[in-house]
1. Pop the C-beta distance of B:Glu363 and B:Ala36 into the FRET formula with R0 = 22 Å and round what comes out to the nearest 0.05.
2. Under Stokes-Einstein, with the Kirkwood radius over Cα pairs standing in for Rh, what whole-number D in µm²/s applies to the range A:1-71 at 25 °C and 0.890 mPa s?
3. How large is ³J(HN,Hα) for each residue in the range B:220-226, as worked out from phi by the Karplus curve 6.51 cos²θ - 1.76 cosθ + 1.60 (θ = phi - 60°), to whole Hz, x for Gly and Pro?
4. Compute the semi-axes of the equivalent ellipsoid of the range B:51-134, taking the square root of 5 times each eigenvalue of the Cα gyration tensor, and list them largest first in whole Å.
5. If the only charges are +1 at each Lys and Arg Cβ and -1 at each Asp and Glu Cβ, what is the size of the charge dipole of the range B:3-68 around the Cα centre, to the nearest 20 debye?
6. Share of antiparallel DSSP beta bridges in the protein assembly as shown, in percent to the nearest 5?
7. Give the nm distances, rounded to one decimal, from B:Pro251 to the matching residue in every other copy, measuring between label points 7 Å along Cα toward the beta carbon; shortest first.
8. Taking a ≥ b ≥ c as the square roots of the eigenvalues of the Cα gyration tensor of the range B:68-211, is the shape rounded (a/c under 1.5), prolate (a/b larger than b/c) or oblate?
Protein chains: 2
Amino acid sequence: MADLAPVLSHLDSDADQAVERLFELLRCQSISTDPAYDAECQKAAEWLATDLNGIGFEARVAETPGQPIVVAHDLTADGPHLMFYGHYDVQPVDPLNLWDSEPFDPAVRTRDDGSRYISGRGSSDDKGQLMTFVEACRAHKAVHGALPCKVTILLEGEEESGGASLPPFLDANRDELTADIALICDTGMWDARTPAITTMLRGNFAEEVTVKAASRDLHSGMYGSAAANPIHILTRILAEIHDGRGKVTIPGFYDGIEPLPNALKEQWEALGFDHTEFLGDVGLSEPAGETAYTALEQIWSRPTAEVNGIWGGYTGAGFKTVIPAEASAKISFRLVGKQDPETIRAAFREFVTERLPADCKAEFVGRPGGVASVMPVEDPAFEKARGALSDEWETEAAFIGEGGSIPVVGLFKEILDMDSLLIGFGLKDDCIHSPNEKYELRSFTKGARSWARVLAALGA
Amino acid sequence: MADLAPVLSHLDSDADQAVERLFELLRCQSISTDPAYDAECQKAAEWLATDLNGIGFEARVAETPGQPIVVAHDLTADGPHLMFYGHYDVQPVDPLNLWDSEPFDPAVRTRDDGSRYISGRGSSDDKGQLMTFVEACRAHKAVHGALPCKVTILLEGEEESGGASLPPFLDANRDELTADIALICDTGMWDARTPAITTMLRGNFAEEVTVKAASRDLHSGMYGSAAANPIHILTRILAEIHDGRGKVTIPGFYDGIEPLPNALKEQWEALGFDHTEFLGDVGLSEPAGETAYTALEQIWSRPTAEVNGIWGGYTGAGFKTVIPAEASAKISFRLVGKQDPETIRAAFREFVTERLPADCKAEFVGRPGGVASVMPVEDPAFEKARGALSDEWETEAAFIGEGGSIPVVGLFKEILDMDSLLIGFGLKDDCIHSPNEKYELRSFTKGARSWARVLAALGA
């Protein structure tokens, strides 16, 4: 094993410069879902390729029908071939008025207790996280002139917007991208002290539905009660998606879900998850999902249907007595086990369509989905990585589940036949996808040190 | 009775100039609900006062805590004292992309069949209508130098936004504004051939409700199913407002409603209302309200609860997997009989509040309401006016109901103890409150002639 101590020392002495580099990336307004920000996505991709070339990778920006993909290689080492994945795109920043600072003007801020964090959209999801790996590589190269393993880096720009370009790209570049295992830095720690490897991930897909009734907006006095109101119809259908016990009522929704293995259930119980604290942090107190499951089970092992957005009629200041011609909602589904996105998508559309009264129709726009993933923890790489993380954090690392979706894990398995080692340093209060997103400075610096250790451990 | 023929001739020869005057008023962007347009409301009020002074009225623009009110008098005649009411404010124009022309750039357009109409926001509701009365007064003054009756004109600017300033204004100017009867031009004809006097009006009031759950927007993967989703809660509560037969389920909602008198029911049936045509014009076919009532009864004699707007979460392009912190809706209620707005408002708020799950709260913003009105058709003025209308249109005028709310009718009764004679020339396809609002040129010219006749008949 290459000598690790000087690599860690180098990371420590270079930490301020590493933060400055991250800031350059965070200033790119790479909101992939909105075409208005395409040039900013391109800028982020080019910045990353330039930085990786500077370290000694052979990096390129590959164009796609959507946002570009950055691919970089350093295959000079003798060790196993690792393929690191991250994404440089970010979520929209609205509602902007709830941010305490400009989302694309990052800064290091210090709390009263002396702890420090990096503020800004993408600081945690996922630019800060992906740069922990890049910094680890930079340090190994700076100290030893080489990496402990062969490393390929793949950084995409559509993780937050459906990721349509990635599957054909993986398919077209199968030989170049297939490695022994994938490393992904887009998940969280168990808590601020306990590092974690995520071994279960929910899948997801999304639908936008628009219910249409009259051919134009109507005066609610002249037509009110005689004319179908699409807001009434949409709200009634959305309300029927869940029963009184939190179960989703779409026929066949739960097909392909096995009960949680007892061993895993016990391990999770041992984590001492406190839903009062988890929900209390965001002003809530009671789990709102299926009453038959604990909050942790709801999040890690149970599927969901969530309305993420709804709009229709007059939403400006004051009042307008209108019956609108249409009303819309965006709905996302989280999947577990062997739930199939396309089967459930079809069932959802039928669920909506068969509930439409006379004179109404529904139109759908779908976002591609990904199945859920369960990792092979028996692979020795998992224990090696767990040891490296435990050493860095001086706390036994945990195998955990994750409610969020990382569709790329399923794609790597399906297209490249490659398992994924999911290690990340995000915390639950990072406000990802929300105003005031942040990343602990400690996550960033110890994250880079963690990856330096994992690279060394996997290369040994 | 003053000689009517030269007055009607004068209206005919002055018709083009009358349209030009209306255009000047229509170009004022007097959207009263949005404070951004306050100056435009002021402009409209001043234009009207200037015009009325030019005719020979003594007119002034009275400031209020909201939009100004125009008051004008010509009390030189011997006849009865009439008080004419109209409103110069208009509805918002969104969605702007559905307009075929600029909403505030009016024009006379000609159809293939040669019929002509005036396009623009406010052309029908209510600037075009109120100017029919002003033009009738102008013609009487031009021909005879005097009006057949004492006339007071009251033009307000908050009819589309709650009308909060009018009640205290009426109260403070009771002596000045009280007349023998009010004339209101803000209603429609029965059909394009048949003039009408509206003798029943629904009342209304509105509520905006915001359901709040978590203290911030949440990632739907990290929190999905465990955290309360305010869109789910709001849609479920809204869906429960109506039962499967179109009835409103808010306790006490129907208190104070008497069955429709048989005589009136028979008169309405005789009108030959065809819901297929009424709904067909806007792309619908089946009445959506209470199944126990005909479509005409639903519109004229039954109360409603309509959601006019809903919003929450991410509504931009693409998708965002967020559980929002809050979701909102605007709801308006149409009232009949003796339904009391404030009693029902309280019942609605309780209906929502008692359905909130743990961790959620609701906040309400109310818009003042008005009760329903039923006119005293036995007053001789009603038959005089009916005769005048029948003469002008060469068709027997009808006594009809109206689904829309004109709260001022209730205020005139309550504060000034004055009944209202509701005569208007709008048509069902005028698209009021919608894109492409228009007013038939025939409504405008024959409307002015109608008022000239009504003034003469009431002065006789």
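A short reminder: the numbers here are calculations on the coordinates, not readings from a lab. Bear in mind the structure is a predicted one, so any value in this text is a computation, not a measurement. Every residue, glycine among them, receives a Cβ derived from its backbone with ideal geometry; neighbour counts consider all protein chains shown.
1. In this case the efficiency is close to 0.40.
2. 177
3. 6, x, 5, 10, x, 5, 7
4. Semi-axes (√(5λ), whole Å): 31, 19, 10.
5. 160
6. Taking every DSSP beta bridge within the protein assembly as shown, about 70 percent pair in antiparallel fashion.
7. Nearest to farthest, the other copies are at 3.8 nm.
8. In terms of gyration-tensor shape, oblate.
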